[in-house]
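Enquirer: Following this message is one structure expressed as structure tokens.
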Amino acid sequence: MAARGALDAHRRGGDHRLGAQHGEPLLVNDVSQEPRYSPDDPRLLPDTHAELAMPLLVEGEVVGVLDVQSSEVGAFGENDTFILSMLADQARRR
């Protein structure tokens, strides 16, 4: 889990990670095709090619985002989304 930019806008106020920011998961299996993708610092996770972001919701409010990245295009699928949603749900309960 490393949200160091990529589709992260919580620190910058942009349009990135729109789905997760609004309570919906965001899956981008090829960040080169995502116009909103922009790493904060090219030295951090320079080989990111796919990203999956899952909101952490408490009483309907987004309080954080679990974010996973892969160096492989097309790395994430339905199972990954399901597993990350279960982890987000567990984190929310703690």
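The values are calculated or read from the model by the stated rules, or taken from the named source; none is laboratory data. Nothing here was measured: the structure is a model prediction, and the numbers come from that model. When we count neighbours, we look across all protein chains shown, and the Cβ atoms used for this are built from the backbone with ideal geometry, even at glycine.
Enquirer: Residue under question is residue 7, and the condition is that it be at pLDDT 85 or above and crowded, with 19+ Cβ neighbours inside 10 Å; does it hold?
Expert: no
Enquirer: For residues that are of a type in the set (Asp, Glu), more than 16 Å from residue 26 (Cβ to Cβ) and touching a residue at least 24 places away in the same chain (Cβ under 8 Å), tally how many sit in region 43-89. So that I can check it myself, show each step before the final result.
Expert: Narrowing region 43-89 to residues of a type in the set (Asp, Glu): 47, 51, 59, 61, 67, 72, 78, 80, 89.
Now narrow it down to the ones that are more than 16 Å from residue 26 (Cβ to Cβ): 47, 59, 61, 72, 89.
Next cut, touching a residue at least 24 places away in the same chain (Cβ under 8 Å) only: 47.
Residues in region 43-89 being of a type in the set (Asp, Glu), more than 16 Å from residue 26 (Cβ to Cβ) and touching a residue at least 24 places away in the same chain (Cβ under 8 Å): 1 in total.
Enquirer: Can you tell me which residue among 73, 63 is modelled with pLDDT of 85 or more and touching a Lys or Arg at 6+ places or on another chain (Cβ under 9 Å)?
Expert: From the options 73, 63, the qualifying one is 63.
Enquirer: Looking only at region 41-75, count every residue that is over 23 Å from residue 91 (Cβ atoms) and not hydroxyl-bearing (Ser, Thr, Tyr) and tell me the total.
Expert: Total meeting the criteria: 9.
Enquirer: On to the next question. If I ask for residues that are of a type outside the set (Gly, Ala, Ser) and out of contact with any Leu (no Cβ under 7 Å at 6 or more places or on another chain), which ones from region 63-84 would you list?
Expert: Selection gives 67, 72, 73, 78, 79, 82, 83.
Enquirer: Let me ask something else. Counting only residues that are of a type in the set (Gly, Ala, Ser) and either buried (at least 17 other Cβ atoms within 10 Å of the Cβ) or not in a loop (DSSP other than H, G, I, E, B) (or both), how many does region 34-74 have?
Expert: Looking only at that region, the number is 4.
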